[in-house]
Amino acid sequence: MNLIGKIRSSWMHIAAGLVMATSLAACNSQSVSDSRAYMAIPPATLAKMKAIGTSPAAPMLIRTYKKESVFEVWKQKTDGRYALLKSFPMCRWSGQLGPKKAEGDRQVPEGFYTIAPGQMNPHSHYYLSFNVGYPNAFDRAWGRTGSSIMVHGICSSAGCFSMTNKQIGEIYALAREAFAGGQKRIQMESFPFRMTAKNLARYRLDPNMPFWKELKAGDEHFAATKTPPHVAVCGRKYVFDKKPVDPSSRLDAGDPCPKLSEDPAIKSAVAQIRKADDQAVALLVAQGTPAVRDVYADGSQNKVFAGRYNDVSRPDALVTGGIEVPVVGPKAPANALKDKPGVLYAAYVAEQKAAQARRLAIAMAASAPPRPRQANVTVLASGTTPAHAGKGQPFYAHWFGLGAHKKPKPSLATYIPATPIPADVPLPPQRRTAARTKAARNHADKQAMLGHWPKAWPSVSPQARADYK
């Protein structure tokens, strides 16, 4: 082989080596990404699946709560109902409580969203991710803008649900196996907070409450059936587990809703849940639960990460956390609770418990050892007779010494306080005066008014009942 042939052969070997090296590098790079997307479900999670009667291939549901910073994964059991598989503490979310409305507002969306296999991203720059499907039909009907709202890793949020890399690896694996098992779409329900009576009472004057009540309707359907509700939008409102009476009608997000029908059993169960929640909210409001709003510098994170997870976006915004701001609204009419005897009775029982606690505190204070007495007054003029001793007597009694055996009555100006009376000295027990009797009569009248609660009255303590006999 001549020199030129040797040179040509050498270059061919070098080129082949470079191609192979490049190919290997590309495969290695691909395998790193694929290894994230095909991580195995942890053994502890598999054991939990077996315990609740489900499997990796069973359909799943996602439910999130911004205020509590919790990301839940639910799985379908063999009976068709869903059970909570695992709660993940959310590492970071941004914005405020309330829906996302515009591109760049840093708001994490609230509503009911759908995740399909095509929305999964195994090559994400944020470790792993999947798109939640914002904006949905409801958002578009209200003219809301924005895109690329993800659940991802890296613990960095500008409108996304951000988890740690380990968390998103497990969540991604759960979704991957559910899709592999035949699930077409995963429902994701995003709430501002858990829809408890306490939260609904506290945020009752928040301007987002009408929208949150729509979300609560979906929560009620899930609570009644333990299955993801069928979600549709018409008249720019969410409707759950309903369909048009006329099969030829269709639901359009921007058009008025046609006449709808729903399963009577679901309707009845939802109505019972709503009634119980409304009564609980009314009771909390009647007992003085303050109305508040939460204000954040820029979102929050679950408290389990506070102070120990440094790889987080905008740590400065997490220093203060959420601040509760009181909200003042119009007062309810005086007769607003007139037709709610259950609320009145519960408030009455709470009043009695408070009165009983106060009586106990007074009794404990009265049984405490007495304090050493201190002189509380000082006599201005010391001597046998004060300067005004003769005042207030007849002139002849003063001249002839009549009535000298009677002590004169000094005026109040004779004394001044020497040491102040301590403010924490307990008051002596009051006698049963006429005023006390009148108060007892008023309470007896209240007892008579409450006579139409024969089942509830025995729950009042014997001490409270004795006070009103």
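Quick note: the coordinates plus some simple rules give every number you see, no bench work behind them. None of these values were measured; they are calculated from a predicted model. Every residue, glycine as well, gets a Cβ built from its backbone with ideal geometry; the counts of neighbours run over all protein chains shown.
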Whole-number Å³ per residue for the convex hull built on Cα positions in the stretch 43-326:
147 Å³
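In debye to the nearest 20, how big a dipole does the stretch 165-316 give about its Cα centre with +1 on each Lys and Arg Cβ and -1 on each Asp and Glu Cβ? Spell out each step's value before the answer.
Numbers: 24 positive and 19 negative charges, 34 e Å.
Here the size comes out at about 160 debye.
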Length-normalised contact order of the stretch 43-326, Cα under 8 Å, at least 6 apart, in percent, tallies to 20 percent
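Counting every Cα pair in the stretch 78-197, what percent are over 21 Å apart?
On the way: 2763 of 7140 pairs.
That fraction is 39 percent.
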Selection of chymotrypsin sites (Phe, Trp or Tyr not before Pro), the stretch 199-251, meeting DSSP coil and at most 13 other Cβ within 10 Å:
none
Trypsin sites (Lys or Arg not before Pro) within the stretch 166-212: which are DSSP loop residues with at most 12 other Cβ atoms inside 10 Å?
LYS184
Place a point 7 Å from the Cα of GLU262 along the Cα-to-Cβ direction; which residues of the stretch 197-217 have their backbone N under 20 Å from it?
197, 200, 209-217
What's the local net charge at PRO244, with K and R +1, D and E -1, over the other residues with C-beta under 10 Å away?
+3
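Rounded to the nearest 0.05, what FRET efficiency is calculated for HIS230 and ALA271 with R0 set to 22 Å and r the Cβ-Cβ distance?
Numbers: r = 18 Å, r/R0 = 0.82.
According to the calculation, E is roughly 0.75.
Treating only the Cβ of Lys, Arg, Asp and Glu as charged (+1, +1, -1, -1), what charge dipole size does the stretch 60-189 show about its Cα centre? Round to the nearest 20 debye. Spell out each step's value before the answer.
Values: 17 positive and 10 negative charges, 19 e Å.
Dipole about the Cα centre, nearest 20: 100 debye.
GLU170: net charge of surrounding residues, Cβ under 15 Å, Lys/Arg +1, Asp/Glu -1, itself excluded?
Details: positive: ARG36, LYS48, LYS75, LYS86, LYS166, ARG176; negative: GLU72, GLU177.
Surrounding charge for GLU170 is +4.
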Express the C-alpha Rg of the stretch 130-245 as a ratio against the empirical globular expectation 2.2 N^0.38 Å, rounded to two decimals.
1.20
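Can you tally the net charge around LEU215? Count Lys and Arg as +1, Asp and Glu as -1, for every other residue whose Cβ sits under 12 Å from the Cβ of LEU215.
Details: positive: ARG63, LYS66, ARG194, LYS213, LYS216, LYS237; negative: GLU110, GLU189, GLU214, ASP219, GLU220.
For residues surrounding LEU215, the net value is +1.
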